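Shown next, in structure tokens, is the structure this report addresses.
What follows draws every value from the coordinates through simple rules; no lab data is involved. Note that the coordinates shown come from a computational prediction; the quantities given were computed from them, not determined experimentally. Cβ atoms come from the backbone with ideal geometry, glycine included; neighbour counts cover every protein chain shown.
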Amino acid sequence: MTRHLDLPGQSGTTYRYKTLEDMRPVPPGGANFVYVKWDKDAPVIVYVGETDSLHRSVFETWDEAQKDYGATEIYARLNITGVVRRAEHADMLAQHAPAMNLGGVSLPTRRKTSPHAG
């Protein structure tokens, strides 16, 4: 059975990411990927990446993600065009505000923000 994560973007679109372990060997095509650490049963996105060559790029910052941010798994989503990848990347960044993408500053996710919060 394939392990996957269904992750929402700020737009409300849900994206299905598969664990990189289920994609061995790592595909050479374009993809979006996330580094994840787990808080009990909830995934915490520590990095959102976009690339035109998954096998070339996915491990570039993996050591830092593990050491400095506690990442334990990589999930990826293969995409056909750069336009689609970049739009998804922006949508995921806006929703999850990953600490690694923000230089170590973690912001609350927008989906938890309430207009009635005081």
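Kindly evaluate residue 43 against the criterion of being surrounded by fewer than 21 Cβ atoms within 10 Å (Cβ to Cβ) and within 22 Å of residue 99 (Cα to Cα). When the stated conditions are applied, residue 43 passes them. Scanning region 7-51 for residues that are touching a Ser or Thr at 6+ places or on another chain (Cβ under 7 Å), in contact (Cβ under 8 Å) with a residue 24 or more places away in the chain and not in a strand (DSSP E or B) gives 28, 30. A count restricted to region 55-98 and to residues that are in contact with a helix residue (DSSP H, G or I) (Cβ under 8 Å, 6 or more places away or on another chain), closer than 22 Å to residue 28 by Cα and not β-branched (Val, Ile, Thr) stands at 6.
Filtering region 53-75 for residues that are assigned to a strand (DSSP E or B), small (Gly, Ala, Ser) and touching a residue at least 12 places away in the same chain (Cβ under 8 Å) leaves an empty set.
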